[in-house]
C-alpha cells in the first residue's frame, strides 16, 4: 500500500530488491551529525558489511516480511527522503537488550529524515504508516528509544504522537548512553 503526502512524497514499504538504496540511505543516516546518539552502529562498522548483509536486511524488512517492516518516503524525484523501521516484539519474549516483553508491541528503530527534507511532516506520515502496520499485527502499544540529549528527536516524536513513558534504559555497552522510552497506545 502506497500513501501520498501533501507534497507528493510516497510512503511505502521497501522491496527486497531495493537493497542498494537501503544501504545508501543507512550509510547516509550514519553520517548525520546526530548519528552517534541516534544509532547504535557507526558508519565505519556499516560500510564494511558485504552486499549479502544488505540483501538480507532488505529481505527481512521489505514487503512480505512478517516481523519487521521498513518504510520509506520517496520524494517526487524518486530519491529516498526518509525511513523508519518497525520491529514487532511478541509478549512473553525478550527484546534485543534482553528485557522481558510484557505485551505484543511494535518498536520503532532506524529513523532518519534527510536534512533537506525535514520540516515537511515526513516523520509523522512515516510513523502513521508504521503504526497502522503494527496495529494490524496486534500491537497493543508501540515504543521507541531516544537519547536523553537528543532534544530535536524528542520533539519530533512528540509531534508524531509519542509520549515519554518514564522508563530510562541505560545502555552501558554503548558508551554509557541513557535512552528514554517514548510510547503510543492503540487509540
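Each reported figure results from applying straightforward, stated rules to the coordinates on display, with no laboratory input. As the structure is a computational prediction, the values presented were derived from the model and not from experiment. Here the Cβ positions follow ideal geometry from the backbone for every residue, glycine too, while neighbour counts run over all protein chains shown.
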Checklist entry - Once fully extended, how much extra length lies between residue 90 and residue 7, figured as 0.36 nm per residue of separation less the alpha-carbon to alpha-carbon distance? => result 26.3 nm
Checklist outcome for this item: Ordered by fewest other Cβ atoms within 10 Å, a rough proxy for footprinting exposure, 88, 40 read 40, 88
Item to check | Gain in span if fully extended, residue 149 to residue 24, counting 0.36 nm per residue against the direct Cα distance | outcome: 42.3 nm
Checklist entry - Which three extents, in whole angstrom, do the alpha-carbon atoms of the stretch 69-187 cover along their principal axes, largest first? => result 43, 34, 23
Checklist outcome for this item: Expressed in angstrom and ordered largest first, the alpha-carbon extents of the stretch 3-141 along the principal axes are 43, 37, 29
Next on the checklist: How would 116, 90, 74 line up from fewest to most surrounding beta-carbon atoms within 10 angstrom?
Outcome noted: 116, 90, 74
Checklist entry - Based on Cα positions only, what radius of gyration and what Dmax would you give for the stretch 77-134, in angstroms? => result 14.1, 44
Next on the checklist: I'd like the distance separating the alpha-carbon centroids of the stretch 27-61 and the stretch 63-115, in whole Å.
Outcome noted: 14
Checklist entry - What number, in percent, do you get for the relative contact order of the stretch 3-141 if the mean sequence gap of Cα pairs under 8 Å and at least 6 apart is divided by its residue count? => result 24
Item to check | For the chain, calculated [θ]222 nm from helices alone, where every DSSP H run of n ≥ 4 adds -39500 (n - 2.57) | outcome: -8500 deg cm²/dmol
Checklist entry - If you take the Cα atoms of the stretch 1-75, find Rg, then find the Kirkwood Rh from the mean of 1/r over all pairs, what is Rg/Rh? => result 1.00
Next on the checklist: Only counting other Cβ atoms within 10 Å, I'd like 11, 37, 72 sorted with the fewest neighbours first.
Outcome noted: 37, 11, 72
